[in-house]
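Some notes on the structure that comes next.
The values are calculated or read from the model by the stated rules, or taken from the named source; none is laboratory data. Fair warning: this is a prediction, and the values are worked out from it, not measured in the lab. Every residue, glycine among them, receives a Cβ derived from its backbone with ideal geometry; neighbour counts consider all protein chains shown. The protein model used for the area step is the full one, side chains on, heavy atoms only, and it has no ligands, DNA or RNA in it. Shrake-Rupley method; radii C 1.70, N 1.55, O 1.52, S 1.80 Å.
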Amino acid sequence: MVLSIPMVTTFVVYILLMLGIGFYAYFATKNFDDYILGGRSLGGFVTALSAGASDMSGWLLMGLPGAIYTVGLSESWIAIGLILGAYLNWKFVAGRLRVHTEVNNNALTLPDYFSHRFDDHSNILRVISAVIILVFFCIYCASGIVASARLFENTFHLSYGQAICIGAASTIIYTFIGGFLAVSWTDTIQASLMLFALILTPIFVILASGGAHASIDIIQQQQGAKLLLTKNLTAISLVSLLGWGLGYLGQPHILARFMAARSKATIVTATRISMSWMILCLAGAVSIGILGNAYFLTHPDQVSVLGGNNETIFIKLATLLFNPWIAGIVLSAILAAVMSTLSCQLLVASSAITEDIYKAFFRKNASQSELVWVGRMMVLVVALIAILLALNPKSEVLNLVSYAWSGFGAAFGPVILISIFWRDITKNAALAGMIIGSVTVIIWKNTQWFGLYEIIPGFFLATAAIILISKIEGGANKILHQRFDEANQLFQAEK
């Protein structure tokens, strides 16, 4: 099959632009703080779009539209849950976590924060949290590599192996070279591209289906149940879908953006920008899914292009509706979504190895230059593991991604939330919360009790354990009280 020159050109230009930003960020990276958190220098606009882009992976442009197209609007409750969770995260966690990590020895990573927040000289919190990050992020990264491989495979008719190499290399290189600044700056461009694609595509779908009223009418007449928000929805399934929002409280790659913000005031600005971007993107993804039904009902001869894989609906609609140049730009949004999430996951996993294992246990006096290069090497190591997990095109690794979201949410969410609001949380309580949260997720996922999404029991059992053990131990000591009060006062004083 002949390749589309405009689409190839668009993808090549996009990838070269990302690599160029990586090289530019290389010269702005002076030390390990710069490489991991950009020197805590991000402004509101970059913080907002970087947090959004690092959160929304290829799921936004493939998984969600595919689910809406197949089932209907009842699947959109997950989007509602995510919007609520993201807003609460920005409102109550972002600013406080930014201040608490700075007060606690200018912590660069979550394990580092846990270690200093709870005065843990045994480093058990550091080790356990770093292991949780590494395990889940290797799976997360593998899913991103598979998603990018599928995009190149289907768009340019490459073999799966070739697609993996191109998709992985394009992200790994700029992350390796530029670190956090490269990831954050490219996230800003990628978030803008995603928004452009998710607003433009539904408009063209409506025009191609005879207008907004005609689109809704044909769905109502032939597949009316898909327009119902309550189709096949039980109380448990509704709670499960909304429960996805809890995951935001414990995602290391999102929390890292809060830690890197310039100040509390930056967070306020970023909240407005990020939430506006998120709502528009999710609305666009839902619109593509539901309006895709109208398009293919109006053009039944074209349904076969989906090939039975409804998750490709965005790709197919873009190919059908736009000229090749515009289609190349729109489809680059899928690559942008994958690259933005994969890059920040690689960086967070690398920082956990470098800061919380290499520096903490082997080279406490390592120079800044040494740490930066170790960090770069660890990006390659984590990427290699992820590629090995993704090599089998029939691998079930994508089915394990829910482990990562719910695992992080249940293991870290309660500890983060309580540690920035309650001065009496203890080290043993935090450790118990991490272990109980993650173990509950694994057990619940494998037993499928009541059909309830595993993050919900994991989150609440971890929360109960933290509060109960802290009470039994009589609360935190004076040192922890003083450090908490210092952070709380600084948070209140910042404008």
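Can residue 351 be described as buried (at least 24 other Cβ atoms within 10 Å of the Cβ), modelled with pLDDT under 90 and not aliphatic (A, V, I, L, M)?
Yes.
Among the residues of segment 475-495, how many are farther than 14 Å from residue 95 by Cα, loosely packed, with under 13 Cβ neighbours inside 10 Å and of a type in the set (D, E, K, R)?
2
Find all pairs meeting these conditions: Cβ atoms under 7 angstrom apart; at least six residues apart or on different chains; first residue within segment 86-100 and open to solvent by less than 40 Å² (accessible area, probe 1.4 Å); second residue of a type in the set (Lys, Arg).
From segment 86-100, the pairs are 95/264; 98/264; 99/264; 100/117.
Every residue in segment 72-91 that is touching a helix residue (DSSP H, G or I) at 6+ places or on another chain (Cβ under 7 Å), over 30 Å from residue 266 (Cβ atoms) and not charged (D, E, K, R), please.
Across segment 72-91, the qualifying residues are 72, 73, 76, 77.
Out of the residues in segment 309-323 meeting the condition of being part of a helix (DSSP H, G or I) and of a type in the set (S, T, N, Q), tell me which one is modelled with the highest pLDDT.
Filtering first and then ranking leaves 319.
Can you tell me which residue in segment 443-464 is farthest from residue 234 (Cα to Cα), limited to those that are open to solvent by 80 Å² or more (accessible area, probe 1.4 Å) and modelled with pLDDT under 90?
So, considering only residues that are open to solvent by 80 Å² or more (accessible area, probe 1.4 Å) and modelled with pLDDT under 90, the one farthest from residue 234 (Cα to Cα) is 446.
Would you be able to tell me the number of residues in segment 352-390 that are part of a helix (DSSP H, G or I), basic (Lys, Arg) and within 22 Å of residue 123 (Cα to Cα)?
Initially, segment 352-390 is screened for residues part of a helix (DSSP H, G or I), giving 352-362, 368-390.
With basic (Lys, Arg) added as a condition, the list becomes 359, 376.
Filter once more, so that each one left must be within 22 Å of residue 123 (Cα to Cα): 359.
Of the residues in that region, 1 qualify.
In the set 418, 467, which member is open to solvent by 60 Å² or more (accessible area, probe 1.4 Å), part of a helix (DSSP H, G or I) and hydrophobic (A, V, I, L, M, F, W, C)? Can you show your working first?
On the way: 418 fails: open to solvent by 60 Å² or more (accessible area, probe 1.4 Å).
Answer to the check: 467.
What single numbered condition from (1) open to solvent by less than 40 Å² (accessible area, probe 1.4 Å); (2) within 18 Å of residue 190 (Cβ to Cβ); (3) at pLDDT 75 or above fails to hold for residue 16?
Answer for residue 16: the failing condition is (1).
Condition first: farther than 20 Å from residue 114 by Cα, out of contact with any Pro (no Cβ under 6 Å at 6 or more places or on another chain) and in a helix (DSSP H, G or I). Now tell me which residues in segment 421-448 satisfy that.
441, 442, 443, 445, 446, 447
For the condition within 20 Å of the chain's Cα centre (by Cα) and more than 29 Å from residue 98 (Cβ to Cβ), what is the one hit in 148, 129?
Only one candidate qualifies: 148.
Are any residues in segment 369-380 under 23 Å from residue 114 (Cβ atoms) and open to solvent by 30 Å² or more (accessible area, probe 1.4 Å), and if so, which ones?
378
How many residues are hydrophobic (A, V, I, L, M, F, W, C), closer than 11 Å to residue 155 by Cβ and surrounded by fewer than 24 Cβ atoms within 10 Å (Cβ to Cβ) when one looks only at segment 319-342?
Total meeting the criteria: 1.
Is there any pair with a first residue in segment 101-129 that is of a type in the set (Lys, Arg) and a second that is surrounded by fewer than 21 Cβ atoms within 10 Å (Cβ to Cβ) whose Cβ atoms are under 8 Å apart and which are 6 or more apart or on different chains, and what are they?
From residues that are of a type in the set (Lys, Arg), the pairs are 117/480; 117/483; 126/120; 126/360.
Return the pairs, sorted by first residue and then second, in which the second residue is small (Gly, Ala, Ser) and assigned to a loop (DSSP other than H, G, I, E, B), the first residue lies in segment 205-230 and is closer than 12 Å to residue 73 by Cα and open to solvent by less than 80 Å² (accessible area, probe 1.4 Å), the beta carbons are less than 6 Å apart, and the residues are 6+ apart or on different chains.
That search, which allows pairs on different chains as well, returns 226/72.
Please verify whether segment 102-110 includes one or more residues that are more than 18 Å from the chain's Cα centre (by Cα) and assigned to a helix (DSSP H, G or I).
Within segment 102-110 (the criterion being more than 18 Å from the chain's Cα centre (by Cα) and assigned to a helix (DSSP H, G or I)), the answer is yes, since at least one residue qualifies.
Limited to segment 247-301, what total is found for residues that are at pLDDT 85 or above, open to solvent by 10 Å² or more (accessible area, probe 1.4 Å) and in contact with a Lys or Arg (Cβ under 8 Å, 6 or more places away or on another chain)?
2
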